[in-house]
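Please read the structure below before turning to the comments.
The values are calculated or read from the model by the stated rules, or taken from the named source; none is laboratory data. Because the structure is predicted, anything quoted here is derived from the model rather than measured. Counting neighbours? That spans all protein chains shown, and the Cβs are built from the backbone with ideal geometry, glycine included.
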Amino acid sequence: MGDGSVTEIERASGIIGLIYDAAIDPSLWLDALAETCAFCRCAVGALYSHDMTLREPTFHMLWGLDAYHTKTYLEQYAPTNPLIPAHLAADAGDILAASRMPLWNDFVNSSFFRDWGGPQGFLDSLSAIIERTPTRLSMVSCIRHEREGLVDDVSFARMGLLRPHFLRAIKIGQALELRTVQVTDLADTLDGLAAGVFIIDERGNLAHSNASGRKMLAEEKIFCLRGGRLQAVTPAANAGIAASLTHMRDSKTALDRVPAVALEVETGPRYFAHLLPLTAGFRHKMGLPRSASAAIFVVKTALDVTAATEMIGDEYRLTPAELRVLRAVIEIGGVAEIASTLAISEETTRTHLRHLFDKTDARSQVELVKLVAERISPLRT
C-alpha cells in the first residue's frame, strides 16, 4: 500500500468508508469510483458485470469515460476485447492487470487496443473480480492511462485492499434494493419488510420500528422495551448486540463488518440480528434524527437458508453431500440427529463436517451457523 504512513492509511480508510456510504446512497458510487481511480492511479473506473449466458456486458456505474466511447465499447468493441476471456476464467477475489497476463502481447497488438484503447491514451487495466456465479461475473475495473505507465505493485496491492469492501457494500446495496427502489417514505418502506427493523441510538433507545418489529415487541419473545430502550429477551443476545454496538462506535475505520447476533427463542425457528451503522447522509435522506446510529434487522434463518447455503456452496466449492450436511447443521444440529435425518452414518457425518471445517475455516458447528447467517439477506418483502 505504499510507505504505510498515517496519511496513506487514512486515505484508504476514507475510500472504504465512501464505498460503504455508496451502498446506502447509490449516488455516491461515482465518487467512490473516482477516489478508487485516484488511489490506484487510473483514469477510468467502472462497476461492471458480464452475463455469461447472453455474453453481454453491463456498466452499472461508470466514471471517467465519455458517452461516445462508452457507446462504441458496448455496441462495437466489447465482443473483441481480448481481456474478457481472461476475466471470465478468473475466480472471485482475483486481482488482474492486463500487463501481467500471458496475453499481454496479443492485447497490445489487437484491433481493440489499436482502434479503441490506444487512441484514448489507455495503456493498461486493473480489475478485481468481486463475485462470480455460474452465469454472472461482477468486477470493479479501472483503466490506466499511458501517462501513469503500467500497473505497478502498489496499485495492484491497493486494489486488493479495496476488493472485499466493494463486495460487502454491493451486497448491502442489493439487500436494501436501493438500486431500483427510490425510498420516499421510510415508514411505508420498512413496514413492507418481513424482517423486524429497529432504528436505535448509541445508547439503545428506540427511534423507530416497522410493523414486524412492533409485533415482536408486543410478543416479547425476542425483543422488549424497557424505559424506551430496546433489549433482547435473553442475556446472551443482549450482550452480543451491546458488543456489536460498541464495535461500531469505537471503530475508526470501515475495515470490519459487524457480525450477526444469534437470538435464541424457546420454540420455533432461530432468529439472527444484523446490525447496520447509519451514515449522516442516510439519516438526512430518510428524515431520521441525528441521534440514530444503527439499524437492526431481525430475520428468521428459515427465510433464506437455501439461498445462503447455496452461496456458501459456490464460494467454497462444497460437494452436494457437504451442502446437505451444512443445511442440516442449520436446521437440525447434532451429529446423531443429522446422521439420522440424512440416513447416513455418524462417522460419515463427522467426515463431511471435517471437510466443511477445512474448506470454510470454521472451527465448530456454531461458526458454520454464523457463516450462513452473515449471508442471509436481512431484508425480505
Give PHE198, PHE223 a once-over and let me know the one that is over 20 Å from ALA23 (Cα atoms), surrounded by 19 or more Cβ atoms within 10 Å (Cβ to Cβ) and at pLDDT 70 or above. PHE223
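Among the residues of region 347-359, are any at pLDDT below 85, not basic (Lys, Arg) and not assigned by TED's automatic domain parsing to the domain that holds GLU131?
Checked region 347-359: no residue is at pLDDT below 85, not basic (Lys, Arg) and not assigned by TED's automatic domain parsing to the domain that holds GLU131.
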Region 300-323 - residue that is β-branched (Val, Ile, Thr) and modelled with pLDDT under 75 and, of those, surrounded by the fewest Cβ atoms within 10 Å (Cβ to Cβ): THR306
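Just for region 19-39: of the residues that are more than 12 Å from MET61 (Cα to Cα) and hydroxyl-bearing (Ser, Thr, Tyr), which one is modelled with the lowest pLDDT?
Residues of region 19-39 that are more than 12 Å from MET61 (Cα to Cα), as a first pass: 19-21, 23-25, 35-39.
After this cut, where a residue has to be hydroxyl-bearing (Ser, Thr, Tyr) as well, the list is 20, 36.
Values: TYR20: 85, THR36: 96.
The selected residue is TYR20.
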Please enumerate the residues belonging to region 119-138 that are out of contact with any helix residue (DSSP H, G or I) (no Cβ under 8 Å at 6 or more places or on another chain) and either of a type in the set (Asp, Glu) or modelled with pLDDT of 90 or more (or both). PRO119
I need the full set of residues from region 40-87 which are surrounded by fewer than 13 Cβ atoms within 10 Å (Cβ to Cβ) and either on the phi < 0 side of the Ramachandran plot or touching a helix residue (DSSP H, G or I) at 6+ places or on another chain (Cβ under 7 Å) (or both), in order please. ASP51, THR53, LEU54, GLU56, ASP66, ALA67, TYR68, LYS71, GLU75, GLN76, PRO79, PRO85
Determine whether region 366-379 contains at least one residue that is under 21 Å from the mean Cα position of the chain (by Cα), at pLDDT below 85, under 28 Å from LEU167 (Cβ atoms) and of a type in the set (Ser, Thr, Tyr). yes
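Looking only at region 84-117, filter to residues that are outside any loop (DSSP other than H, G, I, E, B) and closer than 19 Å to SER155 by Cα; which one of those is modelled with the lowest pLDDT?
Checked region 84-117; the qualifying residue modelled with the lowest pLDDT is HIS87.
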One residue is enough: does region 150-158 have a residue meeting the conditions surrounded by fewer than 21 Cβ atoms within 10 Å (Cβ to Cβ), more than 23 Å from GLY14 (Cα to Cα) and either in contact with a Lys or Arg (Cβ under 8 Å, 6 or more places away or on another chain) or in the same structural domain as SER13 (by TED's automatic domain parsing) (or both)? yes
Looking at the structure I just gave you, is TRP116 aromatic (Phe, Trp, Tyr), in the same structural domain as ARG163 (by TED's automatic domain parsing) and buried (at least 18 other Cβ atoms within 10 Å of the Cβ)? yes
